[in-house]
Amino acid sequence: MKKLKNLLKMEDLTNEEILNLIKRALDLKRGAANNKNNKIFVANLFFENSTRTKKSFEVAELKLGFNKIDFEVSTSSVQKGESLYDTCKTLEMIGVNILVIRHSENEYYKQLKNLNIPIVNAGDGSGEHPSQCLLDLMTIYETFGKFENLKITIAGDIKNSRVARSNQRSLTRLGAKVSFVAPEIWKDESLGEFKKFDDIVNDVDVCMLLRVQHERHTEKDTKAKESFSKEEYHKNYGLTKERYKSLKENCIIMHPAPVNRDVEIDDSLVESEKSKIFEQMKNGMFMRQAILEYIVGKNNL
Ligand code: CP
């Protein structure tokens with residue numbers, strides 16, 4: 001594979017590159033040899049909270065032999081008003097080779113055009129989450145060995161979800177048929193067809209649930225949210241025990257996590273037979289390793 005300059009959005013990758021990343025990540029999961037480069041310095045800048053993305057990038061970086069430079073927003077000069085560009089340019093000038101960035105602003109990376117080091121987008125507001133999308137694609141491909149004609153429904157707070165956007169765009173161009181389930185306030189009709197959960201639950205191959213993104217809600221969302229309880233949300237838009245019984249035998253359940261148990265999914269189903277939720281997290285580390293290898297280029301490993 002050729003070297004990739006940045007990974008900002010799924011559009012940066014061709015279908016062939018996506019499949020190559022999936023195959024490499026699966027090989028790494030099966031125990032393929034680890035290439036190492038102890039000359040690479042990487043900084044992970046998380047301006048929004050994270051458990052999975054941050055920690056799996058860190059493990060992936062250590063496995064690749066990289067030098068991980070600690071950066072905490074709360075103790076940095078960001079607190080003195082330093083701009084995102086100045087923080088990133090400073091890290092470039094002192095010798096950091098790769099930046100992994102999560103930020104609450106959509107397309108924050110547009111203000112970083114003058115950097116001369118690669119950026120891996122670990123999530124931009126409600127924009128995109130390419131590494132999550134790639135690990136989701138890896139999990140689906142690992143299960144079904146294809147994307148063509150798979151029926152995938154994504155249920156939850158679609159309007160505010162970067163995962164929904166990245167996954168819809170990528171799954172559709174890989175040949176899957178994507179539908180959505182959401183309360184009226186969290187629909188984004190520009191993404192595709194919205195259905196009633198009970199009309200499709202018995203016919204999908206992948207049932208992907210998304211978190212209610214309280215931290216992104218505007219005053220309007222919060223007001224609208226008051227019109228239904230957690231129990232009502234679960235009953236209408238969540239994976240209940242009843243709906244689980246209707247799923248096809250080979251259907252898989254996915255969720256990027258963190259999970260609001262008993263809201264998006266019944267607590268008892270999080271580790272049910274059909275659930276891939278924790279496997280997604282495991283796959284995330286291997287996929288992030290494959291992404292970083294790709295960014296550095298094989299010749300440098
Ligand atoms: N799925 C995901 O992005 O999780 P974190 O917010 O914990 O990184």
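Brief remarks on what is shown
- Using only alpha-carbon positions in region 87-147, the gyration tensor eigenvalues give semi-axes of 29, 14, 8 Å once each is multiplied by 5 and square-rooted (largest first).
- Gyration tensor (alpha-carbon) shape descriptor, region 144-209, a/c threshold 1.5: oblate
- Shown in residue order for region 112-119 are the 3J(HN,Hα) couplings computed by the Karplus curve 6.51 cos²θ - 1.76 cosθ + 1.60 at θ = phi - 60°: 10, 4, 8, 6, 10, 10, x, 10 Hz (x for Gly and Pro).
- Pairs from Lys110/Lys146; Lys55/Lys235; Lys9/Lys113; Lys225/Lys274 whose Cα-Cα separation, in the structure shown, is over 24 Å: Lys110/Lys146; Lys55/Lys235; Lys225/Lys274
- Based on the convex hull around the alpha carbon atoms, the chain presents an average projected area of 15.5 nm².
- Shape category assigned to region 175-301 from the gyration tensor of Cα positions, a/c cut at 1.5: prolate
- Averaging Cα coordinates gives a centre for region 18-37 and one for region 46-86; these two points are 24 Å apart.
- For Val181, distant residues with modelled amide H under 5 Å away: Ile154, Ala155, Gly156, Lys195
- Vicinal HN-Hα couplings computed from phi for region 168-175 (Karplus, 6.51 cos²θ - 1.76 cosθ + 1.60; Hz; Gly/Pro x): 4, 4, 6, 5, 5, 6, 8, x
- Dividing the helix sum by the residues of the chain, where each DSSP H run of 4 or more adds -39500 (n - 2.57), gives a mean residue ellipticity at 222 nm of -11000 deg cm²/dmol.
- Cα gyration tensor category, rounded, prolate or oblate, for region 1-122 with a/c compared to 1.5: prolate
Rule-based calculations on the coordinates, nothing more; no lab input. Being a predicted model, the structure only gives us computed values, none of them experimental.
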